[in-house]
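The values are calculated or read from the model by the stated rules, or taken from the named source; none is laboratory data. As the structure is a computational prediction, the values presented were derived from the model and not from experiment. No Cβ is skipped: glycine too gets one built from the backbone with ideal geometry, and neighbour counts run over all protein chains shown. The area values use the complete protein model at the heavy-atom level, side chains included, leaving out ligands, DNA and RNA. Shrake-Rupley method; radii C 1.70, N 1.55, O 1.52, S 1.80 Å.
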Amino acid sequence: MGEKVLMKGNEAIAEGAILADCRHFFGYPITPQNEIPEYMSRRMPEVGGVFLQAESEVAGSNMVYGAACAGARVMTTSSSPGISLMQEAISYVAGAELPCVFVNIVRGGPGLGGIQGSQADYFQATKGGGHGDYKLIVLAPASVQELMDLTVEAFDLADMYRNPVLLLGDAILGQMMEPVVIRERAKVDLPPKTWATTGAKGRPKNVITSLSLDPAKLEEHNLSLAEKYARISNEQVRYMTYMADDAETLLVAYGTSARIAQAAIDMARERGLKVGLFRPISLWPFPYDALQLTAQGSLRVLVVEMSLGQMVEDVRLATGNSKSVHFYGRTGGMTPTPREVLNEIERIVEEGI
Amino acid sequence: MQEEVIFAGFGGQGVLLIGQLVTYAGMIEGANVSWMPSYGPEMRGGTANCTVVVSSREVSSPLVVEPTSLIALNKPSLDKFTPWVKPGGLIIYNSSLIESLPERTDVRVLAVPANEVANEIGDIRIANMVALGAYLATTRAVGCNTVLDAMKKVLPERRHNLIPLNRQALARGIEIASVWHSRDQGEVSGAQ
Amino acid sequence: MKQVFGRPETLTSVPTHYCPGCTHGIIHRLIAEVIDELGVREKTIGISPVGCAVLAYDYFNCDFVEASHGRAPAVATGIKRTLPDSVVFCYQGDGDLASIGAAEIIHAATRGEKITVIFVNNAIYGMTGGQMAPTTLPGQKTTTSPRGRNVESAGYPIRVAELLSSLSGVAYIARVSATSPANVTKAKRAVKKAFETQINGKGFSLVEFLSTCPINWGMSPLEAMKWVDDKMSVYYPLGDYTRVPEVG
Ligand SMILES: Cc1ncc(C[n+]2csc(CCOP(=O)(O)OP(=O)(O)O)c2C)c(N)n1
Ligand code: SF4
Ligand SMILES: [Mg+2]
């Protein structure tokens with residue numbers, strides 16, 4: 001195990017990508033993730049990789065498309081408005097089944113919005129921000145260590161399933177510093193990229209396209225994607241719990257809000273309230289079954305988000321009508337405080353709802 | 001132990017750096033730590049701040065809205081963050097730039113003439129270190145020597161020649177705090 | 001009586017957020033003076049970019065629209081095609097205009113859109129903290145070209161005035177700076193000519209300003225002015241780039 005180093009979240013993502021043998025990075029500046037391209041502009045030449053500042057996110061994400069076609073481990077990073085511009089390429093890479101990694105260090109929206117942390121891009125990330133029937137694997141880290149570890153894993157998942165992976169962070173995670181242990185990378189057996197367009201030397205030509213004019217063929221393609229998505233849903237559900245065993249009130253939160261929720265839970269426990277946390281780490285596939293099971297023993301559920309309430313819809317899908325599901329959120333780049341969350345816990349407990 | 005502190009000041013006063021030093025030192029000492037800066041265009045010429053958590057427990061929320069300590073190097077920061085400080089907490093302010101006292105009676109308040117002291121030592125840029133010294137002596141959040149170790153990690157190699165100067169500044173800050181402790185601490189500690 | 005040093009009516013009294021020594025403020029003032037002098041404030045609509053001038057709508061006392069990054073010329077097109085008698089101007093930085101918005105500016109220009117674009121070239125991304133711009137000079141250090149812009153990997157800076165001047169829809173195009181009283185006088189003349197070109201229905205007009213960013217260049221305001229004169233104006237020569245449009 002390596003030495004502990006203090007790192008900014010954004011830098012941990014960049015270094016994680018280097019650790020994962022990503023040698024191609026295309027990006028365009030946008031706050032609050034500028035540290036990633038800045039780090040890459042220094043670091044990539046040191047490891048013989050490619051750093052290129054694209055002229056826009058539209059171009060940058062299509063450079064990702066190209067590098068992925070050529071078989072590279074490739075990443076681009078941005079923040080909300082930039083990710084919106086990437087939706088076209090995201091739909092194309094999903095359709096063409098290209099492994100690549102996108103990172104969204106989310107900021108407050110809609111429109112130009114602000115530059116403070118937010119979780120208002122959950123729908124865009126998990127429900128298909130671009131056109132067509134597709135899914136991204138969406139991972140939601142909650143610490144700088146996880147930012148690095150999940151970035152490393154994202155590349156393996158992408159290669160394993162030939163699917164784009166989106167790391168969904170927020171400005172707080174990107175900007176904060178925490179100790180990180182740079183771990184030895186676990187070796188994963190990955191399928192060779194026989195489909196890559198590297199030149200048809202000694203093999204039949206490879207074509208990568210998402211065009212399919214015959215609707216029957218396109219449906220077939222969609223069904224095979226669906227099969228893959230079902231496989232991912234079986235194999236890649238990730239979550240964590242905190243004091244959930246005896247929780248009468250179960251908080252559900254991811255990323256930064258999960259940490260705030262955890263602070264609120266500690267305060268609530270000091271007051272003798274039985275409160276726990278369920279933290280989805282894979283937002284797609286969403287841990288529906290695990291959440292349903294965890295929530296079974298509790299009386300109520302409180303979802304905490306830095307948005308007007310987006311994941312709460314998936315929580316309701318998971319728990320069905322059997323539970324009362326409450327929501328507490330701040331939006332526009334505001335962050336709920338642990339005390340606010342505690343007040344909400346106390347309110348719903350007192351009212352017995 | 002859970003120390004939650006806000007370091008705040010003008011853009012160029014080095015508040016992000018002293019916050020990082022405390023964070024790094026906490027990590028070296030085996031504590032759980034986090035550092036969260038203000039960022040973006042407001043940093044230009046305006047105010048900068050960072051919040052640092054040093055804790056014996058896992059750091060849950062990296063955001064701090066009820067700090068146990070505030071180190072304010074300019075007036076706008078003092079005005080902004082004074083109401084946030086936990087009752088019984090600590091406010092250290094740069095009395096070289098701030099004339100009026102913070103309007104709180106339920107916290108401990110220490111005035112540090114950071115700019116004057118830094119100028120006496122011979123470099124205005126180390127005013128932040130004077131304030132940091134006073135903070136370390138008052139809270140013992142992390143050890144002073146560990147901060148010096150952290151400095152070697154945080155400062156780029158070419159600036160290591162500045163470490164002795166920084167050490168001097170820290171020492172002066174510590175001295176100011178000790179004088180204050182032996183004089184005032186008895187009567188104010190009731191507020192804790 | 002005409003006040004000479006007062007605030008133009010087209011500027012508000014809101015203090016700007018620009019850094020000391022940044023010429024964004026001077027450029028605002030020149031535009032406002034020209035709008036005052038042409039008496040068109042009440043039919044002018046400005047479009048602000050995404051960049052340091054994003055808040056221009058607070059500083060100009062006329063109708064204003066904030067566009068998404070690089071799209072100001074498209075937004076301006078929509079406005080002008082709806083209100084042909086209005087005066088529409090875009091205010092754009094180099095990242096906004098020459099990088100992410102390269103397509104929009106070229107097509108607005110080639111369509112001969114009757115709008116005026118004020119292009120502020122400071123060879124850097126100011127707003128986001130000093131990354132490389134499409135106009136960053138070869139060898140210039142920025143936060144994403146830490147070893148200096150390498151033309152092998154990052155390509156060459158774009159000369160916007162020269163590039164657009166080849167398009168037949170362009171009726172007036174010039175490059176100016178604001179580094180001395182003499183240059184400011186010339187710059188104002190260019191801005192006025194650009195607005196007049198629009199008002200007279202002649203076609204697309206653009207004025208490129210070589211502008212300072214002392215903060216991200218790591219220079220004092222004076223050094224920054226000198227750098228514009230000594231370095232930028234060499235790569236980007238000042239002058240009128242209008243070509244007589246060929247009629248097809
Ligand atoms: C789609 C999108 N991508 C990126 C950004 C981030 N961004 C804000 S301003 C800016 C560049 C500003 O540079 P420039 O246009 O040269 O203007 P300056 O600040 O230098 O005046 C960028 C990349 C954004 N807001 N939206
Ligand atoms: S960052 Fe640069 S362009 Fe922006 S206001 Fe400051 S000096 Fe001007
Ligand atoms: Mg610029």
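Report, by residue number, each residue of region A:115-141 that is surrounded by fewer than 18 Cβ atoms within 10 Å (Cβ to Cβ) and either free of Cβ contacts under 8 Å to residues at least 24 places away in the same chain or among the small types (Gly, Ala, Ser) (or both).
A:LYS127, A:GLY132
Say whether the condition of being without any contact (Cβ under 8 Å) to a residue 60 or more places away in the chain, within 11 Å of chain A (Cβ to nearest Cβ) and touching a Pro at 6+ places or on another chain (Cβ under 6 Å) is met by at least one residue in region C:61-79.
For region C:61-79, residues without any contact (Cβ under 8 Å) to a residue 60 or more places away in the chain, within 11 Å of chain A (Cβ to nearest Cβ) and touching a Pro at 6+ places or on another chain (Cβ under 6 Å): absent.
Kindly evaluate C:ALA102 against the criterion of being within 12 Å of chain A (Cβ to nearest Cβ), under 24 Å from C:TYR235 (Cβ atoms) and more than 9 Å from ligand 1 (Cβ to nearest atom).
It is true that C:ALA102 is within 12 Å of chain A (Cβ to nearest Cβ), under 24 Å from C:TYR235 (Cβ atoms) and more than 9 Å from ligand 1 (Cβ to nearest atom).
Go through region C:219-248 and count every residue that is modelled with pLDDT under 95 and either touching a His at 6+ places or on another chain (Cβ under 6 Å) or within 13 Å of ligand 2 (Cβ to nearest atom) (or both).
Within region C:219-248, residues that are modelled with pLDDT under 95 and either touching a His at 6+ places or on another chain (Cβ under 6 Å) or within 13 Å of ligand 2 (Cβ to nearest atom) (or both) number 0.
Inside region C:156-179, can you point out the residues that are more than 28 Å from C:LYS43 (Cα to Cα) and open to solvent by 40 Å² or more (accessible area, probe 1.4 Å)?
C:TYR156, C:ILE158, C:ARG159, C:GLU162, C:LEU163, C:SER166
Sort through B:ALA131, B:ALA111, B:ALA118 and tell me the only one that's closer than 19 Å to B:PHE10 by Cα and in a strand (DSSP E or B).
It is B:ALA111.
Out of A:LEU85, A:LEU112, A:LEU52, which single residue is within 13 Å of chain C (Cβ to nearest Cβ) and surrounded by fewer than 20 Cβ atoms within 10 Å (Cβ to Cβ)?
After applying the criteria, what remains is A:LEU112.
What pairs come up if the first residue lies in region A:60-83 and is at positive phi, the second is open to solvent by less than 10 Å² (accessible area, probe 1.4 Å), and their beta carbons are under 8 Å apart, counting only those six or more places apart or on different chains?
A:GLY71/A:ALA196
Looking for whichever is within 14 Å of chain B (Cβ to nearest Cβ), acidic (Asp, Glu) and under 22 Å from the mean Cα position of the chain (by Cα) here; the options are A:ASP170, A:ASP156. Which one fits?
From the options A:ASP170, A:ASP156, the qualifying one is A:ASP170.
What residue, of A:MET63, A:MET44, A:MET75, A:MET40, is buried (at least 24 other Cβ atoms within 10 Å of the Cβ), at pLDDT 95 or above and within 14 Å of chain C (Cβ to nearest Cβ)?
A:MET40
Among the candidates B:LEU110, B:LEU90, B:LEU97, which residue alone is more than 14 Å from chain A (Cβ to nearest Cβ), open to solvent by 40 Å² or more (accessible area, probe 1.4 Å) and at pLDDT 95 or above?
Every option except B:LEU97 fails the conditions.
So which helices (runs of 4 or more DSSP H) stay within region A:207-312 end to end and still have 2 or more residues that are more than 14 Å from chain B (Cβ to nearest Cβ), within 29 Å of A:ASP149 (Cβ to Cβ) and open to solvent by 50 Å² or more (accessible area, probe 1.4 Å)?
Filter on region A:207-312 gives A:215-235, A:288-295.
Please indicate, with yes or no, whether at least one residue in region C:101-108 is at pLDDT 95 or above, in a loop (DSSP other than H, G, I, E, B) and within 22 Å of A:ARG43 (Cα to Cα).
No: region C:101-108 contains no residue that is at pLDDT 95 or above, in a loop (DSSP other than H, G, I, E, B) and within 22 Å of A:ARG43 (Cα to Cα).
Name every residue in region A:115-137 that is within 16 Å of A:LEU173 (Cα to Cα) and away from every other protein chain (no Cβ under 12 Å), in order of residue number.
A:SER118, A:GLN119, A:ALA120, A:ASP121, A:TYR122
Among the residues that make up region B:105-125, is at least one of them among the small types (Gly, Ala, Ser) and farther than 29 Å from B:SER34 by Cβ?
yes
Hey, could you check region A:330-353 for residues that are away from chain B (no Cβ under 14 Å) and free of Cβ contacts under 8 Å to residues at least 60 places away in the same chain and say which is least open to solvent (accessible area, probe 1.4 Å)?
A:GLU344
Which of the residues that make up region C:126-150 are away from ligand 2 (no atom under 16 Å from the Cβ), within 11 Å of chain A (Cβ to nearest Cβ) and either modelled with pLDDT under 95 or assigned to a loop (DSSP other than H, G, I, E, B) (or both)?
C:PRO146, C:ARG147, C:ARG149, C:ASN150
Restricting to region C:98-125, count the residues that are within 13 Å of ligand 2 (Cβ to nearest atom) and open to solvent by 10 Å² or more (accessible area, probe 1.4 Å).
2
When region C:46-97 is examined, which residues are found to be more than 8 Å from ligand 1 (Cβ to nearest atom), buried (at least 24 other Cβ atoms within 10 Å of the Cβ) and in a helix (DSSP H, G or I)?
C:TYR59, C:ALA72, C:PRO73, C:ALA76
Output yes when any residue across region B:37-56 is under 20 Å from B:ILE124 (Cβ atoms), part of a helix (DSSP H, G or I) and over 15 Å from the mean Cα position of the chain (by Cα), and no when none is.
yes
Mind checking which residues of region C:204-215 are surrounded by 24 or more Cβ atoms within 10 Å (Cβ to Cβ) and either within 12 Å of ligand 2 (Cβ to nearest atom) or within 14 Å of chain B (Cβ to nearest Cβ) (or both)?
Answer for region C:204-215, where residues must be surrounded by 24 or more Cβ atoms within 10 Å (Cβ to Cβ) and either within 12 Å of ligand 2 (Cβ to nearest atom) or within 14 Å of chain B (Cβ to nearest Cβ) (or both): C:PHE209, C:SER211, C:THR212, C:CYS213.
Conditions tested, residue by residue: (1) open to solvent by 10 Å² or more (accessible area, probe 1.4 Å); (2) within 11 Å of chain A (Cβ to nearest Cβ); (3) not hydroxyl-bearing (Ser, Thr, Tyr).
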site: B:LEU16; (1), (2), (3): yes, yes, yes
site: B:TYR39; (1), (2), (3): yes, yes, no
site: B:THR47; (1), (2), (3): yes, no, no
site: B:ARG57; (1), (2), (3): yes, yes, yes
site: B:LEU63; (1), (2), (3): yes, yes, yes
site: B:LEU70; (1), (2), (3): no, no, yes
site: B:ASP79; (1), (2), (3): yes, no, yes
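May I ask you to verify whether C:SER153 is open to solvent by 20 Å² or more (accessible area, probe 1.4 Å) and in a loop (DSSP other than H, G, I, E, B)?
Here the answer is no, as C:SER153 does not meet what is asked.
Can you tell me which residue in region C:17-35 is farthest from the other protein chains (Cβ to nearest Cβ), limited to those that are in a helix (DSSP H, G or I) and open to solvent by 50 Å² or more (accessible area, probe 1.4 Å)?
Ranking the candidates gives C:ARG29 first.
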